[in-house]
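Below is one structure, written out as C-alpha cells, with a few remarks after it.
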Amino acid sequence: MQDQMRSYLDFEKPVAELDSKLDELRTLAASGTDIADEIGRIEDKAAQALADLYQNLTPWQKTLVARHPQRPHFNDFIKGLITEFTPLAGDRKFGEDEALVAGFGRFRGEAICVMGQEKGDSTESRIKHNFGMARPEGYRKCVRLMEMAERFGLPVLSLADSAGAYPGIGAEERGQAEAIARSTDACMALTVPNVAIITGEGMSGGAIAITTANKVLMLEHAIYSVISPEAASSILWRDGTKAQEAANNMKITAQDMLRFGVIDSILKEPVGGAHRDPAAMIATTGDAIAKAFDELRGMDGTAIRQQRRQKFLDIGRKLG
C-alpha cells in the first residue's frame, strides 16, 4: 500500500505514531543523513506493535476492521481470481441492481458462477453500488443465475460483504423479504457445489441469501450476524451510541462462528488486516476456495444437496 494511501482506525493510533516517525526518518535519510540503524529499529518496533495490537482485537475493533474501506472488495477478488468474468444484469422482472454483482467466469481454468456484494471504493462507485446494500432485484438476479448454474452443472461461489439488504420503501414494496427467502431457498436446492466467503461484513438476510452454502468460510477479521451492532443497540437500549457494547456481546466474530459450527474455517489475514496486503489476502482466499471445492468433488448432486441441508439443520439442533 502506498504511504499516501494509508488509513488508520482509531485504535491503531500507536502504530500510526510510529509510522509517522518512520516517515520523518526516511525523509532525513533521503537527504543524506545516515540513520539506517534507527530506521530499522523503529520499523521493528512498529511491526511488533501492529502484530501485538491485532492479536487481541475486541469484537468491536474487528467490526471496524471488517468495515475498513481499503479491504479488498468483490471486484478486487474477481480481478485477482476469476478470468473471463462476464457479469449478467437484471432479474427479468423489474430491473437491475448493482449492489449485487453476478456472472460467469473461470476459476483456475474451470467454469464457475460467481456472485457477491460490491460496496464501491469511491464516492461515485459507492453510490452506483448503493454501498453494497442490495434491493430485491439483486437477489432475484442471483436466483436466476443459480438456476442457470444448476442447468449447466457449474459450481457457485458467493462473496458476501454488506451491511445488510437495502431497507428502503421501494425495496420493501417490491418484496425484499420474499426475494431474500427465495434466494436462500435457491442456495439450498442446488445440486451443484456452492462455497461462500464472508470477506467483511456479513449482516442479516442480505448475507444469508447468498451464503447458504456447502462450505462457508470467513476472513479472520470479518463479522457475521443477523443484525448490525448499531441496530442491536437501538433496539435493546434505544440508544445507537452503545454499538460497541452490543458488538462485544453479540458473538459476531469469525472465531465465534467457528466455535458455534456456523462456518467451516477461518482464512488468516495479513498482519494488520486484509487492507494492509490485499494481494496476499486474495491469494489466500483463492487457495481456500480451491480446497473447499476439491473437498466436494466426487459427490453426486443428491449428496451435495443433502450435505448442505444437514449442515444447516445441525446448526439449529446444536445451538438450540
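Scanning segment 39-55 turns up no residue that is of a type outside the set (D, E, K, R), on the phi > 0 side of the Ramachandran plot and modelled with pLDDT of 95 or more. Among the residues making up segment 127-165, those that are open to solvent by 20 Å² or more (accessible area, probe 1.4 Å), in contact (Cβ under 8 Å) with a residue 60 or more places away in the chain and within 23 Å of ILE227 (Cβ to Cβ) are MET133, ALA163. Filtering segment 241-260 to residues that are touching a helix residue (DSSP H, G or I) at 6+ places or on another chain (Cβ under 6 Å) and not hydrophobic (A, V, I, L, M, F, W, C) leaves LYS242, GLN244, ASN248, THR253.
Residues in segment 89-113 that are open to solvent by 50 Å² or more (accessible area, probe 1.4 Å) and either farther than 20 Å from PHE293 by Cβ or of a type in the set (A, V, I, L, M) (or both): ALA89, ARG92, LYS93, PHE94, GLU96, GLU98. Out of ASP314, ASP239, ASP264, one residue alone is of a type outside the set (Gly, Ala, Ser), open to solvent by 20 Å² or more (accessible area, probe 1.4 Å) and closer than 30 Å to GLU110 by Cα. It is ASP264. If the condition is being more than 20 Å from VAL195 (Cα to Cα) and in contact (Cβ under 8 Å) with a residue 24 or more places away in the chain, then segment 297-320 contributes LYS318, LEU319.
Which one is surrounded by the most Cβ atoms within 10 Å (Cβ to Cβ), of the residues in segment 276-296 that are of a type outside the set (A, V, I, L, M) and without any contact (Cβ under 8 Å) to a residue 24 or more places away in the chain? Ranking the candidates gives THR284 first. If you go through segment 7-31 and pick out every residue that is outside any helix (DSSP H, G or I), at pLDDT below 90 and surrounded by 15 or more Cβ atoms within 10 Å (Cβ to Cβ), you end up with 0.
Of the strands (runs of 3 or more DSSP E) contained entirely in segment 58-145, those carrying at least 2 residues that are under 18 Å from LEU157 (Cβ atoms) and of a type in the set (Val, Ile, Thr) fall at 82-87, 110-117. Taken together, the criteria place GLU269 among residues that are closer than 21 Å to ASN56 by Cα and acidic (Asp, Glu). Of the residues screened, GLU295 is not one that is at pLDDT 95 or above and under 29 Å from ALA47 (Cβ atoms).
Restricting to segment 283-320, count the residues that are assigned to a helix (DSSP H, G or I) and either at positive phi or basic (Lys, Arg) (or both). Break it down into steps so the answer makes sense when it comes.
Of all residues in segment 283-320, those assigned to a helix (DSSP H, G or I) come to 283-296, 301-319.
Imposing the further condition that a residue be either at positive phi or basic (Lys, Arg) (or both) reduces the set to 291, 305, 308-309, 311, 317-318.
Looking only at that region, the number is 7.
The values are calculated or read from the model by the stated rules, or taken from the named source; none is laboratory data. Model, not experiment: these values are computed from the prediction. Note: ideal-geometry Cβ built from the backbone for every residue, glycine included; neighbour counts use all protein chains shown. The area values use the complete protein model at the heavy-atom level, side chains included, leaving out ligands, DNA and RNA. Shrake-Rupley method; radii C 1.70, N 1.55, O 1.52, S 1.80 Å.
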